[in-house]
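What follows draws every value from the coordinates through simple rules; no lab data is involved. Worth saying up front: this structure is predicted, and the values here are computed from it rather than measured. Positions of Cβ are backbone-derived with ideal geometry, glycine not excepted, and every protein chain shown enters the neighbour counts.
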């Protein structure tokens, strides 16, 4: 199985350093071995050339019994090979053994190999079946023959192999030591970069989407001329810009929140006065012209809608300010029953179903606000689905908490609207029609109230199935 390459910068730098050193060691080892081989071959060639073919020439007289005509092995190294060729055929071949000579059996292939050696007084490498690898030099004799003298290459090859073994051990130890030292050095060198990474990770974990955020302090820049120093400087500048932007956004949100709360407070009294005067005028005992009565009824209706809008804005302002809710035991089963009865009266054309456990389900919270959550979910299903739609309220107790689900088999919520459905003043009808009476704050209040109770609310919607699931802690 192939191991994956290192992904961290430290691993890549360490691996690259070791690879470069390995390539350098390989180049040095190959160059050293080739240079030593060339040097040793040169020494062998020089030794063969200086012998002048004396041993090979003395083989011509080997057949004579006279001692003076025995092969000349004086000054010849052990295992020196000599051969005499006449007209391309080997007449004699021997090798020095303990300062004496002994005949060498030659195969037909060996004879062809010897016959192919040119008489140019230069070294050539051959291989004899009985002796192995040899370095030989061929010279022309006085009698028209060719004299070949050779030395074994085993000592040269043994020296080269020994050098290669030593280099392998030395380079292996060097690579191991360099890898460990390089990893430590890279780790120390990248320590400022790790601080930058840790700073960026801490910022990524901050809740930047909403609320006031305390940004971490700037990084310490050791040397701005280095790459790591430049990265740290850039990160500090980025964090500064982000902190300024978050502070400005928070200040703008606070101003908007205070404005909404103040405006709602200021609007409650005049809206209540308008509604009261409209009701008083409608109750006047004297006949009221039909156009005037219609106008007064519209004023009364719009003032009621304005009162609900002001109350919703005040509730959101209080929740944003973190004001505590009531904490009492609430019977969710009773709230679901009452809210469903109200929804059935407001939308008789829908089919209202309940799926409740046999035992009452209770939670600790604000009964009025939880009643508002259930009512808003049912009203949302009634307002955005056609008549005849089946709406089901389901309540269940599980290990993860208490689950309240409102589902319907209506047309569903558009996919592009689902991510922002719990936002404020978000409505599916972008024409801002008032026919449904929606202010775009119902689901925002659901989300705010559930969050204030420590719960969550989720939406899943496809054509034919929409479900709002509220999870409250047990």
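For this structure, a couple of remarks:
- Summarising the label geometry, the points placed 7 Å from Cα in the beta-carbon direction at residue 242 and residue 304 lie 5.1 nm from one another.
- Rounded Å value of the spacing that divides the Cα centres of the stretch 145-203 and the stretch 322-376: 75
- Whole-number D in µm² s⁻¹ for the chain, Kirkwood Cα-pair radius fed into Stokes-Einstein, 10 °C, 1.306 mPa s: 48
- For the chain, the longest principal axis of the Cα atoms and the long axis of helix 9-51 meet at an angle of about 10 degrees.
- Length released on extending from residue 27 to residue 282, taking residue separation times 0.36 nm less the Cα-Cα span: 81.3 nm
- Distance between the pseudo-spin-label points of residue 273 and residue 417 (7 Å out from Cα toward the beta carbon): 3.8 nm.
- Here the gap between residue 170 and residue 201, fully extended at 0.36 nm per residue and compared with their Cα-Cα distance, gives a gain of 6.8 nm.
- Share of alpha-carbon pairs per 5 Å distance bin for the stretch 79-220, given as whole %: 2, 8, 12, 12, 8, 5, 4, 4, 4, 4, 4, 4, 4, 4, 4, 4, 4, 4, 3, 2, 1, 0, 0
- Whether the stretch 262-372 is rounded, prolate or oblate, judged on the alpha carbon gyration tensor where a/c under 1.5 counts as rounded: oblate
- Relative contact order for the stretch 87-132, counting Cα pairs under 8 Å that sit 6 or more residues apart, in percent: 34
- Alpha-carbon Debye profile of the stretch 12-159, log10 I(q)/I(0) at 0.17 Å⁻¹: -0.90
- Most to least packed among 410-421, 448-459 [average Cβ atoms within 10 Å]: 448-459, 410-421
- Normalised by the number of residues in the chain, the mean separation of alpha-carbon contacts (under 8 Å, six or more apart) gives a relative contact order of 9 percent.
- Each 5 Å bin from zero up to the one holding the largest Cα-Cα distance in the stretch 328-472 carries the following percent of pairs: 2, 10, 20, 24, 22, 14, 6, 2, 0.
- Helix-derived mean residue ellipticity, 222 nm - over the chain, DSSP H n ≥ 4, -39500 (n - 2.57), to 500: -17500 deg cm²/dmol
- Mean Cα-pair separation over length for the stretch 315-384, i.e. relative contact order, pairs under 8 Å, 6 or more apart, %: 47
- What the Cβ-Cβ distance of residue 49 and residue 19 gives, at R0 = 56 Å and to the nearest 0.05, is a FRET efficiency of 0.80.
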